[in-house]
Amino acid sequence: MKIPSKAALLAAGWVAGAGPLVVAGAAEPGTRLSPVPAVPSLPATAPRPLAAGAGAPLAEGQGATAAFPGQSGAAPLKKDVPYVPTMESTVLEMLRLARVGPKDVVYDLGCGDGRIVIAGAQKYGARGVGVDIDPARIAESRENARAAGVEDRVRFEVGDLFETDISEATVVTLYLLPEVNLRLKPKLLAELKPGTRIVSHAFDMGDWTPEQVSTAAEGTVYLWRVPKR
Ligand SMILES: C[S@@+](CC[C@H](N)C(=O)[O-])C[C@H]1O[C@@H](n2cnc3c(N)ncnc32)[C@H](O)[C@@H]1O
């Protein structure tokens, strides 16, 4: 049975209103404060890398251990959203809906393994920036970009999406959660240039009516455009 991506993200351990998901850093692999099943066991996250040679998604905590062995005393990551990758067909629909082209700079806030930014560079020649709070995801993204041959067009940074300078973006992609989208909305409206397109997989922005809504095979995609100030 196919699990829709919205359900996949919610099933990956998030209980709305329960506060940020806290996963252990490198020091204590796998420790969780909420019951999160391993992501690869969910059918909706079946690995189908966009980039040649890209690795399959790792479970929460797993990547951090692999990428940074031997570190101890690392502070736990305070994630606002668990890691669940967007399926390939939905990635392509997000980029299509935003009409991504070679002049664009695509920011994926909470970029996971980098697949959206990498696909934007590979398929449309866009530049891109991925930001993720999890260093293991960023290491994976960089490796995937190398494998895809788009290292010169993309950049991946460890950081908190709420503290990242996004003013350079012409397209912002999101696969977060309803409450996180709402918290992010004032930043998007304040920092992005008018005309910047925002696409969100699965979740809307409350009372901000989208310009377009598309129902991709594995999930809904919403498009907004930052209005003139
Ligand atoms: C649902 S996944 C989406 C991954 C990717 N955008 C995709 O669609 O395939 C959400 C990602 O957000 C990251 N994340 C959670 N809270 C964050 C925060 N405050 N700042 C940056 N990244 C965060 C997680 O580590 C995870 O990789």
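The values are calculated or read from the model by the stated rules, or taken from the named source; none is laboratory data. Since this is a predicted model, take the numbers as computed values, not measurements. Here Cβ is always computed from backbone atoms with ideal geometry, including for glycine, and neighbour counts include all displayed protein chains.
Of the residues making up region 182-193, just one is crowded, with 21+ Cβ neighbours inside 10 Å and either within 13 Å of the ligand (Cβ to nearest atom) or not in a loop (DSSP other than H, G, I, E, B) (or both), namely L184. Entry remark, region 198-220: residues being within 12 Å of R96 (Cα to Cα) and out of contact with any strand residue (DSSP E or B) (no Cβ under 7 Å at 6 or more places or on another chain) number 1 in total. Being within 17 Å of the chain's Cα centre (by Cα), surrounded by fewer than 22 Cβ atoms within 10 Å (Cβ to Cβ) and modelled with pLDDT of 50 or more holds for only one residue in D80, D113, and it is D80. Looking at region 194-216, which of its residues are surrounded by fewer than 13 Cβ atoms within 10 Å (Cβ to Cβ) and outside any strand (DSSP E or B)? Correct list: P194, G195, G206, D207, T209, E211.
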